[in-house]
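A short write-up of the structure that comes next.
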Amino acid sequence: MVERRKMTTTRALEDWEIQKIFSCVNGTNAKRNEMLLLVGIGMALRATELISLKVSDIYQDDDYVKTHVTIRGETAKYGKGRSIRLGEGMRKALAEFLKWKRSNGESLDVSAALFVSQKGEHLTREALFLLIKKIFFSAGID
């Protein structure tokens, strides 16, 4: 007999849960982790879309954060790219994050990963999931 595992469903986070999650972001990579959550939640990105973002997806070389982000088809579900409008608050947060990246010696080259691992490469899906699991656990959210 095959054992069946109960399928869990996803649900939208409550506002208080989101606030609790952000309050649990800390450590040496707190700014990066905060932006991962903000961009992921704010733009409703899938994990692969989030970790595949490059600096050039949001930033132009004249210290200008773009008004739209194009999610490339090769990272999007079903291979269908799309454009997402960035609100003023998100653009300001991304501008601050880019300043932080620059001050920490991270590359702002057009091909550089927006969210880098400790090795300076694109963050992996596994690392992202472990990070989120740790933050949610700290926040007491299943």
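The values are calculated or read from the model by the stated rules, or taken from the named source; none is laboratory data. Since the model is a prediction, treat every value here as computed from it, not as a measurement. As a convention, Cβ positions derive from the backbone with ideal geometry for all residues, glycine included, and neighbour counts pool all protein chains shown. Areas reflect the complete protein model, heavy atoms only, side chains present, ligands, DNA and RNA absent. Shrake-Rupley method; radii C 1.70, N 1.55, O 1.52, S 1.80 Å.
Numbers at a glance
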{"item": "Residue under evaluation residue 37, criteria (1) open to solvent by less than 50 Å² (accessible area, probe 1.4 Å); (2) modelled with pLDDT under 90, criterion not met", "result": "(2)"}
{"item": "Every residue from region 9-34 that is assigned to a loop (DSSP other than H, G, I, E, B) and open to solvent by less than 60 Å² (accessible area, probe 1.4 Å)", "result": "13, 24, 25, 27, 29"}
{"item": "Residue list for region 77-98, restricted to those being surrounded by fewer than 17 Cβ atoms within 10 Å (Cβ to Cβ) and part of a loop (DSSP other than H, G, I, E, B)", "result": "80, 81, 87"}
{"item": "Residue under evaluation residue 50, criteria (1) at pLDDT 85 or above; (2) over 21 Å from residue 118 (Cα atoms), criterion not met", "result": "(2)"}
{"item": "Candidates 111, 117, 52, 56 - the one that is out of contact with any Cys (no Cβ under 8 Å at 6 or more places or on another chain) and either of a type in the set (Phe, Trp, Tyr) or open to solvent by 60 Å² or more (accessible area, probe 1.4 Å) (or both)", "result": "111"}
{"item": "Hits in region 35-70 - residues which are assigned to a loop (DSSP other than H, G, I, E, B) and either within 12 Å of the chain's Cα centre (by Cα) or of a type in the set (Gly, Ala, Ser) (or both)", "result": "43, 44, 45, 46, 52, 53"}
